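Report on the following structure.
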Amino acid sequence: MNTKKILLILLACISIIAFEAISASADTYGKYETLSYKISNDTVTITKCDFNATEVAIPDQIEGYPVTIIDSRAFSHCKKLTNITIPDSVIKIYSYAFQYCTAITNITIPDSVQLIDSYAFAYCDKLESVIIGNNVKEVGSFAFEKCYALTTVVAPKNTQKIGTAIFNYCSNLKTIYYNGTEAEIEKSPWKNFKDRREIKYFSYVTIIDMVNNQKIKRMYDINSSLYVADIKEMFGQYIPVLYTDENCENEFDLSTILTENVVLYAKSQTSTICVTASTGEKIFITTPYLPENCLVILTCYKDGKFVEMRSEINKNENIYFVVNADFNSAKIMAWESLNSMTPVCDAEIVR
């Protein structure tokens, strides 16, 4: 093969490689429901939203790539937008991203976000409350300018930089909830707001429900405790055990004073009740989420008529009842107080 042909083949190979490299690095554009997006360097940027959109839940992935950026002016002037959900994948919210979204009343910025750029939420004049995620390192100048209705802001302790007049013309903003202590705010740029607005200090308690694969996150006053009534409110009538570790080996002490953010793990609590008749016959009943220290009441019936009752305090251990009367049905109830007696089961348990 002569030199000329070899050179032509080499040039052709180089051209193919260069073309493939250019193609691989080229941005991809597309539409997802009311959103326009760009895929670049294996990440997704939301570039635009339909002006007529009313509720938008940004996905955490598009075409298999994580949504990490909300671009400058992406939602600007979406004046019909009343609700926006930002996923945990988003890292940056660029300038003017949500300016003039005049129908939004509440916004939650997830913990994944590190940057809220200048004017990002400016002129959202119906915006009442903002929860800023724990890992927001920087808030740009005038980020919430002229959010006239803004009354409440939840601020993270990890913020390192706050731009000029981020709450410019937010005259109704009276309270900032700071995720930390009085000592910690002194090292934070949020201390600059102490003279003009009330600062309230709090901790987050995040509970991972291991059974239902759900996450519950609540705010608590700093130096307070988590009460049984709080857990009951989160989970319903029956209360799980809380642990400090994912393996659910170390039980959380509810008397612990909350001085920092806490992540806990909830595991379903079960008690097994053995009902034994004087004849020696047994009924085993498993009751999920039975409150500890409640009074467990067994009522026995013969052909629908009450014949005997037994009770024990629940200690998260097996409970053993011996019934002397002849019976053919029974009910188990958990009694926490005079105002709270609830059947553990909806139907009668028939032997």
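Between Glu317 and Lys302, the simple label model (points 7 Å from Cα in the Cβ direction) yields a spacing of 3.3 nm. Other residues with beta-carbon under 9 Å from the beta-carbon of Ile207 carry, at +1 per Lys or Arg and -1 per Asp or Glu, a net charge of +2.
What full-extension length gain, to one decimal in nm, is calculated for Thr54 and Ala229 as 0.36 nm per residue of separation minus the Cα-Cα distance?
59.3 nm
Quick one: of Lys146/Lys174; Lys232/Lys331; Lys187/Lys217; Lys48/Lys79, which pairs are farther than 19 Å apart, Cα to Cα?
Lys232/Lys331; Lys187/Lys217
The residues of the range 13-144 expose on average 47 square angstrom of accessible surface per residue, using a 1.4 Å probe on protein heavy atoms. Fully extending the segment from Asn293 to Ala149, taken as 0.36 nm per residue of separation minus the present Cα-Cα distance, adds 47.2 nm. Taken along its three principal axes, the alpha carbon spread of the range 151-266 comes to 47, 25, 23 Å, from the longest extent down to the shortest.
The average projected area of the range 55-177, computed from the convex hull of its Cα atoms over all directions, is 6.4 nm². Computed over the range 103-159, the alpha-carbon pair-distance distribution with 5 angstrom bins reads 5, 21, 30, 28, 13, 2, each value a whole percent. Percent of alpha carbon pairs in the range 126-211 separated by more than 21 Å? Roughly 27 percent, rounded to a whole number. Residues whose amide H falls under 5 Å from that of Asn261, counting only those 5 or more places apart or on a different chain, are Tyr204, with hydrogens built in the peptide plane.
Heavy-atom accessible surface of Asp111, to the nearest 10 Å², is about 50 Å², with a 1.4 Å probe and all protein chains retained. For the range 74-80, putting each phi into the Karplus relation 6.51 cos²θ - 1.76 cosθ + 1.60 with θ = phi - 60° gives couplings of 4, 10, 4, 6, 7, 6, 9 Hz, in residue order, rounded to whole numbers and with x for Gly and Pro. Length gained on full extension, Asp27 to Thr164: 45.9 nm, using 0.36 nm per residue less the C-alpha separation.
The values are calculated or read from the model by the stated rules, or taken from the named source; none is laboratory data. Note that this is a predicted model, so its numbers are computed, not measured. With ideal geometry, Cβ positions are generated from the backbone for all residues, glycine too; neighbour counts draw on all protein chains shown. Keep in mind that these areas ignore ligands, DNA and RNA; they rest on the heavy atoms of the full protein, side chains included. Shrake-Rupley method; radii C 1.70, N 1.55, O 1.52, S 1.80 Å.
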